[in-house]
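Chemist: One structure is given below, represented as structure tokens, and several questions about it will come after.
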Amino acid sequence: MAAEAGSALGLSVAVLAESPDDAACAVASEVVVGSPLHEDDMRALADRVDVITFDHEQVDLAIVGALLDDGVVIRPGLQTLEMAVDKAHMRAVLVEAGIPVPAHTTVEGGGGAGGPAEKAFAAFGDEHGWPIVLKTARGGYDGRGVWPVDDMAEAAAIVGSLGGTVLVEAMVPFDAELAVMVARRPSGETVTWPATETAQVGGVCREVLVPGRLPPEVVGRAGVLGRQVAGIADAVGVLAVELFWSDGVLMVNEIAARPHNSGHWTMEGAVTSQFENHLRAVLDLPLGSTAPQHAQVANVNVFGGPEGTDPVELLRRGLAVEGAHVHLYGKEARPGRKLGHVTVCGDEAEGVRECAWAAALSLGTPRPVGLSLPVGLDLPSGVA
């Protein structure tokens, strides 16, 4: 999607891909086959581009530092990437800056029954109440590396599999989950899209609503907080700031230093998409307007069903839903894999949400457990 945005601006986007079959290779101007965790591969990419940027957090900070020392332009830089890569470091930086975050501590994972990690989990649960949340400080995404545990017995069952630094957090009873997308240039010029209401199932985003049920006052406060975090992180490019709204308090849960699922709605719903503004920002070009183009926007992710059907085979059904903008990523279809998204824009909140879900279900997305779908969902013929 970044490559498509770059093409409209006359920019060429080279992709470092671990396989020539990776989805982005189909639209990239050039493909370098390799891994961001191998310095030679990163240098091969650097030889072909003016600036390196990222679309995930699986980054080796030592390699990034070595390339920066040799004059390679990498945006965002080490300060931002360290916060995005290491959740424990991110928490520490935000606490020092006075940004509200969930109650937490860090421990070193591993060890057997009765070891230091298990004792730390028990002490934290006793102080803050159960359930608690255990997170690997590095390497997790889309619900991976995150374990909500109801009691000490559940924590003890997984303690041996938790290596490295573990972030231990209180379970936050929130009124809403939301996200703010911020774009920032090296000069400090910053733009913010309106906060979105997000819904997660199993730690994976299923829908994004703009503005959803969020009161205007909360949207405004979230935007201010998002800009503060981007400044603290010295972000360059797009930064996603994921938040909890809990009993009148906004607190930061996660950040992602890249275009993010909670910003996909901007492709049709805003004057400038997150992908275009990310490219503008890392190239130090003037940023575009983030104003919404519609009163209501709903964005729903397309997931692989149990049969493993490619949603391309169901495209006729998805496009039969009026107003549905379908984006399929070209990934191999597997059950539970995120394969695309659907965006619907309009004037009425329930109407756009109903159409977005109708299109996603028509493309083979299973109905998510634990998320209430619109009543009277109007599906095309043949869709259960």
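The values are calculated or read from the model by the stated rules, or taken from the named source; none is laboratory data. As the structure is a prediction and not an experimental result, all values here were calculated from the model. All Cβ positions, even for glycine, are placed from backbone atoms using ideal geometry, and neighbour counts span all protein chains on display. These area figures cover heavy atoms from the full protein model, side chains too; ligands, DNA and RNA do not enter into them. Shrake-Rupley method; radii C 1.70, N 1.55, O 1.52, S 1.80 Å.
Rundown of residues vs (1) closer than 19 Å to L239 by Cβ; (2) surrounded by fewer than 17 Cβ atoms within 10 Å (Cβ to Cβ); (3) in contact with a helix residue (DSSP H, G or I) (Cβ under 7 Å, 6 or more places away or on another chain), yes/no style:
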site	(1), (2), (3)
E4	no, yes, no
S7	no, yes, no
A14	no, no, yes
M42	no, no, yes
I52	yes, no, yes
H56	yes, yes, no
G65	no, yes, yes
G71	no, yes, no
L78	yes, yes, yes
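Chemist: Which of (1) part of a loop (DSSP other than H, G, I, E, B); (2) among the hydroxyl-bearing types (S, T, Y); (3) touching a Cys at 6+ places or on another chain (Cβ under 7 Å) does S262 not meet, given it meets every other one?
Modeler: Exception for S262: condition (1).
Chemist: Which number in (1) assigned to a helix (DSSP H, G or I); (2) of a type outside the set (A, V, I, L, M); (3) open to solvent by 40 Å² or more (accessible area, probe 1.4 Å) marks the one condition that Q200 misses?
Modeler: So the condition that Q200 fails would be (1).
Chemist: Filter the range 280-305 for residues that are more than 27 Å from E348 (Cβ to Cβ), open to solvent by 30 Å² or more (accessible area, probe 1.4 Å) and hydrophobic (A, V, I, L, M, F, W, C) and give the result.
Modeler: The answer is L283, L285.
Chemist: Filter the range 315-341 for residues that are open to solvent by 40 Å² or more (accessible area, probe 1.4 Å) and charged (D, E, K, R); which is nearest to the chain's Cα centre (by Cα)?
Modeler: R337
Chemist: Pick out, from the range 134-190, the strands (runs of 3 or more DSSP E) lying fully within it that include 2 or more residues that are buried (at least 22 other Cβ atoms within 10 Å of the Cβ) and either touching a residue at least 12 places away in the same chain (Cβ under 8 Å) or among the basic types (K, R) (or both). Break it down into steps so the answer makes sense when it comes.
Modeler: Values: elements: 146-149, 165-170, 176-184.
Counting at least 2 such residues, we get 165-170, 176-184.
Chemist: Does the range 105-123 include one or more residues that are buried (at least 20 other Cβ atoms within 10 Å of the Cβ), out of contact with any Gly (no Cβ under 6 Å at 6 or more places or on another chain), among the β-branched types (V, I, T) and in contact (Cβ under 8 Å) with a residue 12 or more places away in the chain?
Modeler: Yes: one or more hits.
Chemist: Still on this model: Could you tell me which numbered condition G308 fails, if it satisfies all but one of (1) within 28 Å of A26 (Cβ to Cβ); (2) part of a loop (DSSP other than H, G, I, E, B); (3) open to solvent by less than 40 Å² (accessible area, probe 1.4 Å); (4) touching a residue at least 40 places away in the same chain (Cβ under 8 Å)?
Modeler: All conditions are met except number (4).
Chemist: Does V344 qualify as being in contact with a strand residue (DSSP E or B) (Cβ under 7 Å, 6 or more places away or on another chain), surrounded by fewer than 23 Cβ atoms within 10 Å (Cβ to Cβ) and free of Cβ contacts under 8 Å to residues at least 60 places away in the same chain?
Modeler: no
Chemist: Here is a list of conditions, (1) open to solvent by 10 Å² or more (accessible area, probe 1.4 Å); (2) within 27 Å of G6 (Cα to Cα); (3) part of a loop (DSSP other than H, G, I, E, B), and A235 meets all of them except one; can you say which number that is?
Modeler: (1) is the only condition that A235 fails.
Chemist: For the range 267-279, which residues satisfy the criterion of being in a helix (DSSP H, G or I), surrounded by 24 or more Cβ atoms within 10 Å (Cβ to Cβ) and touching a strand residue (DSSP E or B) at 6+ places or on another chain (Cβ under 7 Å)?
Modeler: If the condition is that a residue be in a helix (DSSP H, G or I), surrounded by 24 or more Cβ atoms within 10 Å (Cβ to Cβ) and touching a strand residue (DSSP E or B) at 6+ places or on another chain (Cβ under 7 Å), then G269, Q274, N277, H278 are the ones that fit.
Chemist: Let me ask you something else. Considering each of R206, R227 in turn, give the residue that is at pLDDT 95 or above, open to solvent by less than 30 Å² (accessible area, probe 1.4 Å) and of a type in the set (K, R).
Modeler: After applying the criteria, what remains is R206.
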